[in-house]
1. Return the long-range amide H neighbours of ASN128 (sequence gap of 5 or more, or a different chain), with a cut-off of under 5 Å between placed amide H atoms.
2. Over 20 Å between Cα atoms, which of LYS184/LYS217; LYS184/LYS215; LYS108/LYS215; LYS131/LYS177; LYS108/LYS184; LYS56/LYS177 qualify?
3. Can you compute 3J(HN,Hα) from phi for each residue in the stretch 210-224, using the Karplus curve 6.51 cos²θ - 1.76 cosθ + 1.60 with θ = phi - 60°, rounded to whole Hz and x for Gly and Pro?
4. List, in order, the whole-Hz ³J(HN,Hα) value for each residue of the stretch 69-86 obtained from phi through the Karplus relation with A = 6.51, B = -1.76, C = 1.60 and θ = phi - 60°; use x for Gly and Pro.
5. Roll a 1.4 angstrom probe over the protein heavy atoms and tell me the percent of accessible area of the stretch 112-233 that is carbon or sulfur.
6. Using a 1.4 angstrom probe, figure out how much accessible area the stretch 119-231 has per residue, in square angstrom, rounded to the nearest whole.
7. Calculate one ³J(HN,Hα) per residue across the stretch 126-140 by plugging θ = phi - 60° into the Karplus curve 6.51 cos²θ - 1.76 cosθ + 1.60, and present them in order as whole Hz with x for glycine and proline.
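The values are calculated or read from the model by the stated rules, or taken from the named source; none is laboratory data. All values derive from a computational prediction rather than experimental measurement. Ligands, DNA and RNA are stripped out before the accessible areas are found, and what is left, the full protein with its side chains, is counted by its heavy atoms. Shrake-Rupley method; radii C 1.70, N 1.55, O 1.52, S 1.80 Å.
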Amino acid sequence: MQVNQLQYLKEMGVDVWIDRNTPVLNVMDSPAEEKTDNKSDLPKQSSSPELDSLAKKVAVCQQCSLHEGRTQTVFGVGNPNADWLVIGEAPGAEEDRQGEPFVGRAGKLLNSMLRAMGLSREQVYIANILKCRPPNNRDPRPEEVVACESYLRRQIELIQPKIILAVGRIAAQNLLKVDTPIGKMRGNVYQYPDSDLPVVVTYHPAYLLRSPREKRKSWEDLKVAMQIYREDS
Ligand code: URA
């Protein structure tokens, strides 16, 4: 473990107790800085023509009633060639205002989670199950998920990630088409339907803000994801 990774774990709220006699580099089994990304030798791109044209289509979508209340759609952000695709639930108030996923408090924690894994927000791609904000942050309705599903599927086809990190129950259940409680799903490896793309599930950062004691479990999940990524690359 690198010293700055320890710092990010601290930001994430995970206390790492180090024996004074233990070299810092050996304190945990997560050499996340070793193989971080992710085609990093490629020039940084904020989008691709195909993603841009999909984003334009999404921007005018009226497939469900959520379009009536939105300020704007929240398509997704990040590296169009990312190995890591992070999928959350739906935009909140801040995301609806800014047009970018995970920019509020939960987003800050997500950034720390990524940094603890040796990843930056710019290296990964971040998207949501829904592209529009549900009123009062209520759960997405099944018909809204169905209306938005083809957009996410196309994003996955275009980005061709090596692994999906599903954050939160709504993302996990809708991606995998199950109704298993998240406590039972987290830490396991699933496959995105009709593909061999691995999906690892962890708690939503907003939940972790409310239940900081669960951060340690989430870090275990992230280590599982890093392991799978290393094995598959
Ligand atoms: N929560 C999510 O699931 N997605 C966001 O973009 C913001 C908060």
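1. Close amide H contacts, sequence-distant or interchain: GLY88.
2. As for pairs spanning more than 20 Å Cα to Cα, those are LYS108/LYS184; LYS56/LYS177.
3. Whole-Hz 3J(HN,Hα) from phi for the stretch 210-224: 7, 10, x, 5, 7, 4, 5, 5, 5, 4, 4, 4, 5, 5, 4.
4. Going residue by residue, I get x, 7, 7, 6, 7, 10, 6, x, 8, x, 7, x, 10, 4, 6, 9, 10, 9 Hz, with x marking Gly and Pro.
5. 47 percent
6. Spelled out: the 1.4 Å probe surface of the stretch 119-231, per residue, equals 45 Å².
7. In residue order, the calculated couplings are 10, 9, 10, 4, 10, 9, 10, 6, x, x, 6, 6, 5, 5, x Hz.
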